[in-house]
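This report refers to the structure that appears directly beneath it.
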Amino acid sequence: MSLAGNVLYDFFIGRELNPRLGANFDIKEFCELRPGLIGWVVLCLGLAMKQWELHGHVTPPMILICVFQFVYVADGLWFEEAILTTMDITTDGFGFMLAFGDLVWVPFTYTLQARYLVDHPVEMSYPQIALILAVEVIGFILFRCANSQKDNFRRDPNSPSSRKLKTLPTARGTQLIISSYWGFVRHPNYLGDLMMGLAWCMCTGYMNIITYFYVIYFTILLIHRASRDDAMCRAKYGRDWDAYCTKVQYRIFPYIY
């Protein structure tokens with residue numbers, strides 16, 4: 001990566017895109033997927049055990065959070081190849097921001113809901129649990145199906161499933177998907193991700209805004225990331241991107257943004 005000429009900025013953003021140990025060990029990808037994500041699940045399960053120790057049982061909201069976040073992490077590890085095309089890997093350098101985020105921010109911040117439930121166990125009715133499950137399941141389906149569809153199209157645009165998609169040809173010789181999940185909004189995977197995050201926060205009830213920190217923070221993060229992506233794609237595709245935006249008008253939230 002080119003340096004910005006500012007020592008603090010280069011330290012924060014990173015001087016190298018994919019630093020390696022030897023020929024094959026990618027330090028950034030390892031930190032993205034291994035210690036932080038696995039540590040997140042371990043901490044979450046540990047907090048469930050602490051709730052059992054303090055209160056003699058594990059509440060349904062705590063069980064939901066542990067299951068939801070375990071599935072989220074397992075999905076990321078199972079579909080590891082898909083991360084290779086994400087902005088973190090392809091664009092952002094490996095500096096303090098990503099290192100701290102992967103190893104500290106993720107495991108110790110994303111377990112905030114479980115940590116809250118240790119000291120403030122919440123009991124919920126069946127309709128409330130059903131609503132949380134619905135938000136989580138719809139979000140996960142949208143997140144996983146959209147990511148898989150994009151990844152499959154990038155790997156083999158001529159596969160039977162990819163050929164069913166409507167696309168917009170570009171002057172670069174590539175194609176932009178304008179149907180199915182990717183014709184709905186430009187980042188349907190972001191929308192699914194946020195729905196899952198909302199479901200996690202809903203497990204803590206509705207009395208404390210602090211437990212909704214994750215979904216608030218993540219919304220800001222993904223809106224910023226979507227705007228960065230839009231700027232890069234406009235520079236990359238030029239008029240073709242303008243034509244794409246007229247067909248897929250909304251970035252994340254239908255009819256809103």
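The values are calculated or read from the model by the stated rules, or taken from the named source; none is laboratory data. Here the structure is a predicted model, which is why all the values come from computation and not from measurement. For neighbour counting, all protein chains shown are included, and Cβ atoms are generated from backbone atoms with ideal geometry for every residue, glycine included. In case anyone asks, the SASA skips ligands and DNA or RNA and just uses the protein heavy atoms, side chains included. Shrake-Rupley method; radii C 1.70, N 1.55, O 1.52, S 1.80 Å.
Below is a table of values for the structure above.
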quantity: Global form of the stretch 63-131, assessed from the alpha-carbon gyration tensor, a/c cut-off 1.5; calculated: oblate
quantity: Cα gyration tensor, the stretch 40-158 - rounded (a/c under 1.5), prolate or oblate; calculated: oblate
quantity: Anchor Lys164: lysines whose Cα lies under 27 Å away (excluding residues fewer than 8 positions away in-chain); calculated: Lys150, Lys236, Lys247
quantity: The stretch 91-136: C-alpha gyration tensor shape, a/c 1.5 cut-off, then a/b vs b/c; calculated: oblate
quantity: Average accessible surface area per residue within the chain, 1.4 Å rolling probe, Å²; calculated: 54
quantity: Rounded percent of accessible protein surface that carbon and sulfur make up, the chain, 1.4 Å probe; calculated: 66
quantity: Separation in nanometres of the label points that stand 7 Å from Cα toward Cβ, at Arg172 and Arg144; calculated: 3.0
quantity: Full-stretch length increase - Leu133, Ile216 - with 0.36 nm per residue and alpha-carbon distance subtracted; calculated: 27.9 nm
quantity: Part-to-part distance (alpha-carbon centres) for the stretch 85-129 and the stretch 16-30, which is given in Å; calculated: 24
